[in-house]
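Here's the structure we're looking at; comments come further down.
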Amino acid sequence: MKNHTQFFPQLFTRIATISTFALMLALTGCGMAQRAGEDTTAAVQAPLPQIVVDYFAGWNASDSARVLATFTSDGVYIDPQVPNGLRGTEMMVYIDQFKGFKVKTPSYRFLADGSPEVLWELFDPSGKLIAKGKDVMAISNGKLARVVGSW
């Protein structure tokens, strides 16, 4: 049997180094250390466009017509279950399968091209979390031209 007495001090040294590094990141704002006189006020994130808010409100109201109204006339909804996309009444039939479900949107960001990327959580009618995912949205003339969902 090999002598492991030298192994443990090395292991503890590595763990201590990793822990110290993690603590330094946390204390400095994930590696963004403050310099003397530097303003560390976080940038205020722009609010979601109203059309995106209306889109999720339609889902939460189980109102497929309301969801459809957020799309352009040729707007498309895509997710892993409908990879070729849905438009118009096909989209409404698909959304109607989720009556009573609720969507929470804990966070979002804007991609480099300005498209909103919204993280969401889907709850069944009993309130049980059943999926987490994200929607990336393309907006054209104030309406959704494309929503690509993934989970």
Strands (runs of 3 or more DSSP E) contained entirely in the range 55-150, each with at least 1 residues that are surrounded by fewer than 13 Cβ atoms within 10 Å (Cβ to Cβ) and under 21 Å from the mean Cα position of the chain (by Cα): 82-86, 102-110, 129-140, 143-150
GLY100 vs. criteria in contact with a Pro (Cβ under 9 Å, 6 or more places away or on another chain) and touching a residue at least 12 places away in the same chain (Cβ under 8 Å): yes
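The numbers here are math on the coordinates, done by the rules we state, and not lab data. Everything numeric here is computed off the predicted structure, so don't read it as measured data. Note that each Cβ is placed from the backbone with ideal geometry, even for glycine, and that neighbours are counted across all protein chains shown.
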